[in-house]
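Each remark here refers to the structure printed beneath this line.
The values are calculated or read from the model by the stated rules, or taken from the named source; none is laboratory data. For clarity, every value in this text was computed on a predicted model and none was experimentally measured. When we count neighbours, we look across all protein chains shown, and the Cβ atoms used for this are built from the backbone with ideal geometry, even at glycine. Ligands, DNA and RNA are excluded from the accessible area calculation, which covers all protein heavy atoms including side chains. Shrake-Rupley method; radii C 1.70, N 1.55, O 1.52, S 1.80 Å.
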Amino acid sequence: MAVRVCEVCGETNEPSARFCRACDAYLGWDSGAATLDGEPLTGTIPTVVDPDADRADDTAVAAGGAGTAVPAVSIATPDAPASTSPTTAQPTDAAAGPDASAATSTATATAATAAASSSPGATKPAPEASAPGPSAPGPSAPSTTTQPHPAASARIEAPEAVFDTTEATIAPGAPVTVVLRLTNPSSIVDGYEIEPVAPPQWLEFSHGDTHLMPDQELAVALELGLRADVLVLAQRVALTFRVSSRADPDRNVEVALQLTVPPLGPSATLEVRPTLIRLEDHAAGEFSVRLDNRAANFPQTVRLTAADSEGVVRFAFAPDVVTVPPGQVVELEVSFTAPEPEPGRELSRQIMVEAGNDAGRAAVPLTLVQRTAAEPVDAPVRVRIEPSSLRVEQGNTADFDVLLDHRGGHRQVTLSLAGRDPGRALGFAFSTAQVVLEPGAVAHVRGRLAAPAPPRGGTVQFPFSVVASDGVQDVEAAATVELTSPPEPILTAAIRLDPPSQLVVNERQAVFQVTVDNRRGVDPLGVRLEGASEDGTARLTFTPAELVVPPGQGLVSRLVVEAPRPEPSESATRRFRVIATDGVRSIEADAALTQASADRRPVTSRILVTIGGLLVLIGAFAEWFATFPPFLPSVELIGALVRGQLNLGDITLSEPPIRVWVILFGVLMLLGMIGKSGRLTRVSAVLIVLVTVAWLIFLAVAAFVPPLGLGLFLVWIGCVVGFIGGILARPRPEN
């Protein structure tokens, strides 16, 4: 008994089943688009192609009918929350099958009913239990006008909602209207939000007014439609609608509706590329078959066949039963073989390629033109060695191919292979010593030769030939082999230092990178690194000191060069050489390290002189005696001195000039940094000390010396610091 197998879950179903009983997946309507001669077809989806990508490159178009023009729309597959998904169920024509017609009629009747019931003031008719199908009343109309009973307080409850029918069918351009019976059990006038829960993206939804009086029942028309820019696949979707109170959204109820999208669209169109095939001296060829299902929203399965009028051409479809997904174009290759005509003749065959099922068949013609060349003149076997010039850089063996070309012959030949060389120094071996060649065949025989190895670093060349003999005639092909022995890896290696020269200041060490380069070598290179400076004062340390460098690579060793620092303000260049040796031969590279020692005395001298001069100037304006304020030069002081009102032993008379002298010599201390010897700085510092000390002695003799304040100590400290800076400014004595 024939059964229908679900391609989603694998469950078996009745032949007439429309949806899978296990997963509710769409299986197809009984329209004949999935059967052939009453037997179900199980197809394979071949390569999906873009029909617009190669339109400009087509040189031959099928003579059959053109495919139906389809607008550029996207394809909507069932969403994840939906209970079904498109399968390989068979599609039907828009007008084929009773179910498709019934679906269209149902949608039309529903729309007509909605229009008829849209008059103002319509009330809900009493529900009839014997109603056979879904009804589609028009806009919402209240069924009762019951007034709410008075209550002590407002009561908000979830609405009561039920569909007049739990199933509906929808098609492109034919929206469906379903009636939702909505009751307000609350004690207040309330409005309700109706919205689908996780709807598919292709669904368009709208509804009428949902404001109800307390205990009022209302028939709300829900209009469901399909987006115009989306090709919706045939499917059945379980929709859930949530009805929520606008006064309290937490008061809600959910109702379910099964929505069916029927299969719509014509049969898949058939196209053969190319429509004219020319074969010259060949019996086999291939062409492509393209099936266009862009105008249908359901998959279509067809069986492909082809035949010629004589029945001598053999075809191989891969596969022969094809499922074309909805809204897609698929393409598959078809290979065929046909008997060749007699030599020198041309033959034309007419082929019909068909694709069909019980819903319909499509056929397109194909022309096959075969031509064979006249019988050629029998030619001897040709022998060729590839490559004809062999180069061996390591070892003493070489492999080559012997090509035996019998495409110019018309009889079978048996050939024996042998190798020859004039010096008889080479040995030969072949993968097969005898070869049987059919007419038009080309054979490849693997050969190997062995030759004496040349000396290390030397090159030697040997000519040789391969002879193919059929016992009557010999055919010979010549070639040469050149053997080269690679030199010692130390001879092709190189060593370099990075950087080649380096300058360091006030440092005893410097770091270099030593790279041993064996990229030109074919053998590993093991070396030991050594090095020494020309004057013997530098010590070289390698990490690591020994390297094994693979062929084609380079390795790096870290070199630390340590040498004594030169005298200040002097520099010294240490030239050294790095040697890499394998114990027999060596390679070397030179580098240089320049060391310089900076003289810090000038900088230190300037810092000390600056500090000392600033201390002297600060002290010149600070108090010199603990019990007296600073006495600075002023107009009043000069006038009192002129009028003779000051005592010479008075501090107020002698202190201001001394401060002026201290400020003057402090400035001279700073100006002493301009010179190179620092003499002015030293002399100014000494004079400041002498002047201040002499003045204190004068005060002690002429009057008295009060307790000293901070100013004089700052002056003397600044003089000492500046004097030291002046000493450091003197140039170093030359050795």
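Please go through the range 686-701 and give me each residue that is more than 30 Å from ALA729 (Cβ to Cβ) and exposed (fewer than 13 other Cβ atoms within 10 Å of the Cβ), ordered by number.
As a first pass, look at the range 686-701 and keep what is more than 30 Å from ALA729 (Cβ to Cβ): 697-701.
Scanning the range 686-701 gives ILE697, ALA700, VAL701.
Got a sec? Which of VAL721, VAL715, VAL683 is outside any loop (DSSP other than H, G, I, E, B), in contact with a helix residue (DSSP H, G or I) (Cβ under 9 Å, 6 or more places away or on another chain), open to solvent by less than 10 Å² (accessible area, probe 1.4 Å) and not small (Gly, Ala, Ser)?
On the way: VAL721 fails: open to solvent by less than 10 Å² (accessible area, probe 1.4 Å); VAL683 fails: open to solvent by less than 10 Å² (accessible area, probe 1.4 Å).
Exactly one residue qualifies, and that residue is VAL715.
Can you tell me which residue in the range 284-301 is nearest to TRP202 (Cα to Cα), limited to those that are at pLDDT 90 or above and of a type in the set (A, V, I, L, M, F, W, C)?
If we take residues in the range 284-301 being at pLDDT 90 or above and of a type in the set (A, V, I, L, M, F, W, C), then LEU291 is nearest to TRP202 (Cα to Cα).
Listed here are the residues, each with its yes/no results for (1) in contact with a strand residue (DSSP E or B) (Cβ under 7 Å, 6 or more places away or on another chain); (2) at pLDDT 90 or above.
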position	(1), (2)
GLU128	no, no
ALA151	no, no
VAL176	yes, yes
VAL179	yes, yes
LEU203	yes, yes
GLY208	yes, no
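Provide a single number: the residues in the range 440-465 that are in contact with a His (Cβ under 9 Å, 6 or more places away or on another chain), open to solvent by 60 Å² or more (accessible area, probe 1.4 Å) and either among the charged types (D, E, K, R) or in a loop (DSSP other than H, G, I, E, B) (or both).
0
One line per residue, one yes/no per condition, for (1) part of a loop (DSSP other than H, G, I, E, B); (2) under 26 Å from ARG601 (Cβ atoms); (3) in contact with a Pro (Cβ under 7 Å, 6 or more places away or on another chain); (4) modelled with pLDDT under 75:
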residue	(1), (2), (3), (4)
VAL616	no, yes, no, no
ALA620	no, no, no, no
ASN647	yes, no, no, yes
ARG659	no, no, no, no
PHE665	no, yes, no, no
GLY672	no, yes, no, no
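Determine which single condition ARG155 fails, assuming it passes every other condition in (1) farther than 28 Å from GLN328 by Cα; (2) of a type outside the set (Ser, Thr, Tyr); (3) modelled with pLDDT under 90; (4) open to solvent by less than 20 Å² (accessible area, probe 1.4 Å).
(4)
Which one is surrounded by the fewest Cβ atoms within 10 Å (Cβ to Cβ), of the residues in the range 490-500 that are touching a residue at least 40 places away in the same chain (Cβ under 8 Å) and among the β-branched types (Val, Ile, Thr)?
ILE495
Criterion first (at pLDDT below 90 and of a type in the set (Phe, Trp, Tyr)) does PHE315 satisfy it?
When the stated conditions are applied, PHE315 does not pass them.
As an exercise: evaluate PHE298 against (1) under 30 Å from THR169 (Cα atoms); (2) aromatic (Phe, Trp, Tyr); (3) assigned to a strand (DSSP E or B) and give the number of the one condition it does not meet.
The single condition PHE298 does not satisfy is (3).
Can you go through ARG508, ARG519 and tell me which one is more than 42 Å from the chain's Cα centre (by Cα) and not hydroxyl-bearing (Ser, Thr, Tyr)?
ARG508
Out of (1) at pLDDT 85 or above; (2) within 25 Å of LEU712 (Cβ to Cβ), the odd one out for LEU641 is which?
For LEU641, the failing item is (1).
Please work out if ALA284 is within 30 Å of VAL369 (Cβ to Cβ) and open to solvent by 40 Å² or more (accessible area, probe 1.4 Å). Break it down stepwise before answering.
Values: within 30 Å of VAL369 (Cβ to Cβ): yes; open to solvent by 40 Å² or more (accessible area, probe 1.4 Å): yes.
Judged against the criteria, ALA284 is a match.
Which of the numbered conditions does PRO325 fail, given that it passes all the others? Conditions: (1) open to solvent by 40 Å² or more (accessible area, probe 1.4 Å); (2) in contact with a strand residue (DSSP E or B) (Cβ under 8 Å, 6 or more places away or on another chain).
Among (1) open to solvent by 40 Å² or more (accessible area, probe 1.4 Å); (2) in contact with a strand residue (DSSP E or B) (Cβ under 8 Å, 6 or more places away or on another chain), the lone unmet condition for PRO325 is (1).
If you scan the range 588-612, which residues turn out to be open to solvent by 30 Å² or more (accessible area, probe 1.4 Å) and either touching a Cys at 6+ places or on another chain (Cβ under 6 Å) or farther than 30 Å from ILE688 by Cβ (or both)?
Across the range 588-612, the qualifying residues are GLU588, ASP590, THR594, ALA598.
Check whether at least one residue in the range 572-584 is of a type in the set (A, V, I, L, M, F, W, C), touching a Pro at 6+ places or on another chain (Cβ under 6 Å) and within 30 Å of THR492 (Cβ to Cβ), and report yes or no.
No, that holds for no residue.
Kindly indicate whether ASP399 is open to solvent by 50 Å² or more (accessible area, probe 1.4 Å), charged (D, E, K, R), touching a Gly at 6+ places or on another chain (Cβ under 6 Å) and touching a residue at least 24 places away in the same chain (Cβ under 8 Å).
Criteria not met by ASP399.
Does the range 342-353 include one or more residues that are within 46 Å of the chain's Cα centre (by Cα) and closer than 30 Å to HIS282 by Cβ? Working first, answer last.
Residues of the range 342-353 that are within 46 Å of the chain's Cα centre (by Cα), as a first pass: 353.
Cutting the leftovers down to closer than 30 Å to HIS282 by Cβ gives us 353.
Yes; the residues of the range 342-353 include at least one that is within 46 Å of the chain's Cα centre (by Cα) and closer than 30 Å to HIS282 by Cβ.
Give the range 548-568 a look and list any residue that's closer than 17 Å to ASP498 by Cα and open to solvent by less than 30 Å² (accessible area, probe 1.4 Å), or say none.
SER557, LEU559, VAL560, VAL561
Whether any residue in the range 357-365 is polar (S, T, N, Q), in contact (Cβ under 8 Å) with a residue 12 or more places away in the chain, in contact with a strand residue (DSSP E or B) (Cβ under 6 Å, 6 or more places away or on another chain) and surrounded by fewer than 17 Cβ atoms within 10 Å (Cβ to Cβ) is what I want to check.
no
Quick one: in the range 168-219, which of the residues that are of a type in the set (A, V, I, L, M) and outside any strand (DSSP E or B) is surrounded by the fewest Cβ atoms within 10 Å (Cβ to Cβ)?
Step by step, filter the range 168-219, then rank; the result is ALA198.
Residue under question is THR301, and the condition is that it be farther than 29 Å from GLU342 by Cβ and either among the β-branched types (Val, Ile, Thr) or crowded, with 19+ Cβ neighbours inside 10 Å (or both); does it hold?
When the stated conditions are applied, THR301 passes them.
One residue is enough: does the range 402-418 have a residue meeting the conditions under 30 Å from ARG456 (Cα atoms) and either hydrophobic (A, V, I, L, M, F, W, C) or assigned to a strand (DSSP E or B) (or both)?
Scanning the range 402-418, I find no residue that is under 30 Å from ARG456 (Cα atoms) and either hydrophobic (A, V, I, L, M, F, W, C) or assigned to a strand (DSSP E or B) (or both), so the answer is no.
Restricting to the range 228-239, give me the number of residues that are touching a strand residue (DSSP E or B) at 6+ places or on another chain (Cβ under 6 Å) and either of a type in the set (Val, Ile, Thr) or not in a strand (DSSP E or B) (or both).
4
Return a yes/no flag: does the range 466-489 have any residue that is farther than 30 Å from VAL516 by Cβ, touching a Pro at 6+ places or on another chain (Cβ under 7 Å), free of Cβ contacts under 8 Å to residues at least 60 places away in the same chain and part of a strand (DSSP E or B).
Looking through the range 466-489, none of the residues is farther than 30 Å from VAL516 by Cβ, touching a Pro at 6+ places or on another chain (Cβ under 7 Å), free of Cβ contacts under 8 Å to residues at least 60 places away in the same chain and part of a strand (DSSP E or B).
Filtering the range 521-543 down to residues that are touching a helix residue (DSSP H, G or I) at 6+ places or on another chain (Cβ under 6 Å) and not aliphatic (A, V, I, L, M), which residue is most open to solvent (accessible area, probe 1.4 Å)?
Result: ASP523.
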